[in-house]
Amino acid sequence: MNINLKNPIAFIDLETTGINVVTDRIVEIAIVKVFPDGKEEIKTKRVNPTIPIPAEATAIHGISNEDVQNELPFKDIARSIANFLEGCDFAGYNSNKFDFPLLAEEFLRAEVDFDMHKRKFIDVQTIFHKMEQRTLVAAYKFYCQKDLENAHSAEADTVATYEVLKAQLDKYPDLKNDIDYLSSFSAQTNNVDFVGRIIYNSKGVEVFNFGKYKDIPVEEVFQKDPGYYGWILNSEFPLYTKKVLTAIKLRNFNK
């Protein structure tokens, strides 16, 4: 089943130096861009992370420091990637927790103003886990009856994710072929930032989702403990989380 699209959708997979959204970097990015008329474009690019790739990461994706030493850093390709993704909704596998937050961090580090907030995000892993509880290799076998060759190659994983989503739409009649629905269905929390440090509560108010002020409205915390904002800015939090908190703080000043 083809996906009903109003906007192009970009299936994205990142290979990285590790799994820390704050400190790790992209070493390869693959994008399958699908247009409403079914046309597809694939862009795959290796990236110099500007930090060493640990051996344990190379063991997973097969990309070594030598493989990327002559590639451009993300800051030098960020604008072209942003242009390629302009107007797209996003999809991926385990992407809401990792790929999209890390991509947002890379854009911020590159000082490319790429607004990801208004996009729809579909996490195929979340749909899969809600329906079947498996991994991507098993998902590809289960839904597409194929063995996933070159697993942990960014392009192979991205193409497989795209095929799995189409097969999920075929398999589950109650899974609506609608980007808004799929985005909502694959969301695990009502995040304000990407990693879920700030979420919306049942009243639509931004609250902290960690630490001593968990479930307390952000604006209320900033009023009674002004130093908490400064502590976050000077601590190891994602840049996007800091950007969201700064926007809330500035909004409160303007009231």
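The values are calculated or read from the model by the stated rules, or taken from the named source; none is laboratory data. These figures come from a predicted structure and were not determined experimentally. For neighbour counting, all protein chains shown are included, and Cβ atoms are generated from backbone atoms with ideal geometry for every residue, glycine included.
Values for this structure:
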{"quantity": "Flag for Lys45 being of a type in the set (Lys, Arg) and either outside any strand (DSSP E or B) or buried (at least 22 other Cβ atoms within 10 Å of the Cβ) (or both)", "calculated": "no"}
{"quantity": "Selection count where residues are of a type in the set (S, T, N, Q) and surrounded by 22 or more Cβ atoms within 10 Å (Cβ to Cβ), scope the range 66-124", "calculated": "2"}
{"quantity": "Cβ pairs under 6 Å, 6+ apart, first in the range 67-78 and within 10 Å of Phe107 (Cα to Cα) and modelled with pLDDT of 95 or more, second part of a helix (DSSP H, G or I) and acidic (Asp, Glu)", "calculated": "Phe74/Glu106"}
{"quantity": "Meets criteria (in a loop (DSSP other than H, G, I, E, B) and within 15 Å of Asp99 (Cβ to Cβ)) for Asp24", "calculated": "yes"}
{"quantity": "Ala156 vs. criteria over 25 Å from Ile31 (Cβ atoms) and either among the polar types (S, T, N, Q) or free of Cβ contacts under 8 Å to residues at least 40 places away in the same chain (or both)", "calculated": "no"}
{"quantity": "Near pairs, Cβ below 8 angstrom, 6+ apart or cross-chain, from the range 100-127 (of a type in the set (Val, Ile, Thr)) to any residue that is part of a loop (DSSP other than H, G, I, E, B)", "calculated": "Val124/Tyr93; Thr126/Ala187; Thr126/Gln188; Ile127/Leu175"}
{"quantity": "Failed item, numbered, when Ala151 is tested on (1) buried (at least 18 other Cβ atoms within 10 Å of the Cβ); (2) small (Gly, Ala, Ser); (3) in contact with a helix residue (DSSP H, G or I) (Cβ under 9 Å, 6 or more places away or on another chain)", "calculated": "(1)"}
{"quantity": "Every residue from the range 168-191 that is among the hydrophobic types (A, V, I, L, M, F, W, C) and under 19 Å from Ala10 (Cβ atoms)", "calculated": "Leu169, Ile179, Leu182, Phe185, Ala187"}
